[in-house]
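The values are calculated or read from the model by the stated rules, or taken from the named source; none is laboratory data. Keep in mind it's a predicted model, so treat the numbers as computed, not measured. Every residue, glycine among them, receives a Cβ derived from its backbone with ideal geometry; neighbour counts consider all protein chains shown. Remember, those area values only see protein heavy atoms, side chains included, never the ligands or the DNA or RNA. Shrake-Rupley method; radii C 1.70, N 1.55, O 1.52, S 1.80 Å.
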Amino acid sequence: MPPSVGVVLPTHNRPELLRRALESVLAQDYEGELRAIVVFDRAEPDMSLAADERVEAIANTREPGLAGARNSGILALDTDLVAFCDDDDQWLPGKLAAQVKALEGEPDAVLCSAGILIDFDGRELPRLAGTGRVTYDALIRDRMMSVHSSTYVARREPLIEIGMVDETIPGSQGEDWDLALRAARRHPVVNVDEPYVRVLWGLSSYYAQAWETKVAALEWFLEHYPEIGTEPGAAGRVYGQLAFGCATVGRRKDALRWSARAIKANPTERRVPFALAVASGVVSGKRVLLALHTRGRGI
């Protein structure tokens, strides 16, 4: 008997995108039990979604924000496996069956991820990890864009054992990276290296613009994962992101300080020129992000 799967879809005031995401989940061709739980964060649940008996709509009863909403869904489920889908993303056909099969092949694994298709302004760009197993050290060295929350399928009990989604990360920024790191400490993340999730990118979202929160979250990661600071590539990447974030919100002195640390850690760190250009007023952070996103890249 295939394991039962419960899919958590956290949402906040994006009803049209949510319905598209939910439809993509329910359209999966999966032989086992499939349920979806839509968690409304700081909003009244839309009970009309529960017209489909496979769907439940609830309110976030934990810390406001993405992490608390995810955890509310995890705790409300009793399925063997738990999966995530953000309300602006879409699962592609075959995703769930492929990942459940891969996860069953590694009984000690907590988490399984998959490749993604970045959808930016109508352009689709695949992003893959290039491996079938993602280790803790690999996740420290490289954030790995394709190890994305909307691809996650996890064993529910081990997921709860490792602490679920950390609700203390500022703004829930990078909560999927943190969860993958903690899962990989126990066993490498199983990865199906095919693009099975369409991820919507845009500059209009809250998360694309909340750079003060992004800076605070990156500092949280440096505190909780000191290994980042000892690995040149990882240190350069995070320091460079901090430099760019500080420059974007007008903290020029901090931007210069983080830029210097990034260059010291990794003299070829590519984010530093962007950060310095924004700090000097040559270009806006938004314009830099637009150029990068058009190419399927982030900062």
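Residues considered: E223, E212. Of these, the only one that is surrounded by fewer than 17 Cβ atoms within 10 Å (Cβ to Cβ), of a type in the set (D, E, K, R) and modelled with pLDDT under 95 is E212. Every condition in (1) part of a loop (DSSP other than H, G, I, E, B); (2) more than 30 Å from G229 (Cβ to Cβ); (3) not aliphatic (A, V, I, L, M) holds for D119 except the one numbered (1). Just one of the listed residues (S259, S280, S284) is open to solvent by less than 40 Å² (accessible area, probe 1.4 Å) and among the hydroxyl-bearing types (S, T, Y), namely S259.
Each row is one residue, and each column tells you yes or no for (1) closer than 18 Å to M145 by Cα; (2) touching a Cys at 6+ places or on another chain (Cβ under 9 Å); (3) of a type in the set (A, V, I, L, M, F, W, C).
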| site | (1), (2), (3) |
| --- | --- |
| R237 | yes, no, no |
| L242 | yes, no, yes |
| G250 | no, no, no |
| W258 | no, yes, yes |
| R271 | yes, no, no |
| V283 | no, no, yes |
| L290 | yes, no, yes |
| G296 | yes, no, no |
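For segment 128-140, the condition holds for no residue, the condition being that it is surrounded by 20 or more Cβ atoms within 10 Å (Cβ to Cβ), of a type in the set (S, T, Y) and modelled with pLDDT of 95 or more.
Yes or no: segment 76-94 includes at least one residue that is open to solvent by 30 Å² or more (accessible area, probe 1.4 Å), more than 18 Å from the chain's Cα centre (by Cα), among the aliphatic types (A, V, I, L, M) and at pLDDT 95 or above.
There is at least one residue in segment 76-94 that is open to solvent by 30 Å² or more (accessible area, probe 1.4 Å), more than 18 Å from the chain's Cα centre (by Cα), among the aliphatic types (A, V, I, L, M) and at pLDDT 95 or above.
Residues that are among the charged types (D, E, K, R) and surrounded by fewer than 18 Cβ atoms within 10 Å (Cβ to Cβ) within segment 96-119 comprise K101, E104, E106, D108, listed in sequence order.
Among the residues of segment 1-22, write down those that are farther than 22 Å from A154 by Cβ and either polar (S, T, N, Q) or free of Cβ contacts under 8 Å to residues at least 40 places away in the same chain (or both). Please lay out each step first, then the result.
Pass one, segment 1-22, residues farther than 22 Å from A154 by Cβ: 12-17, 19-20.
If the condition is that a residue be farther than 22 Å from A154 by Cβ and either polar (S, T, N, Q) or free of Cβ contacts under 8 Å to residues at least 40 places away in the same chain (or both), then N13, P15, E16, R19 are the ones that fit.
Residue pairs whose Cβ atoms lie under 6 Å apart, sitting 6 or more positions apart in sequence or on different chains, and linking a residue in segment 105-120 that is more than 14 Å from L81 (Cα to Cα) to a partner that is assigned to a loop (DSSP other than H, G, I, E, B) and not basic (K, R), are G115/L128; G115/S146; I116/S146; I116/H148; I118/G296. For the condition surrounded by fewer than 16 Cβ atoms within 10 Å (Cβ to Cβ), in contact with a strand residue (DSSP E or B) (Cβ under 9 Å, 6 or more places away or on another chain) and not hydroxyl-bearing (S, T, Y), G73 does not qualify. Report yes if some residue within segment 241-263 is in contact (Cβ under 8 Å) with a residue 40 or more places away in the chain and among the hydrophobic types (A, V, I, L, M, F, W, C); otherwise report no. Looking for residues that are in contact (Cβ under 8 Å) with a residue 40 or more places away in the chain and among the hydrophobic types (A, V, I, L, M, F, W, C), one finds at least one in segment 241-263, hence yes. So the check is Cβ under 6 Å with 6+ separation or different chains; which pairs have a first residue in segment 40-66 that's closer than 18 Å to D166 by Cα and a second one that's open to solvent by 40 Å² or more (accessible area, probe 1.4 Å) and in a loop (DSSP other than H, G, I, E, B)? Filtered contacts from segment 40-66: D41/H12; E63/E167; P64/R42. In the set (1) open to solvent by less than 30 Å² (accessible area, probe 1.4 Å); (2) modelled with pLDDT under 95, the condition left unmet by V147 is number (2).
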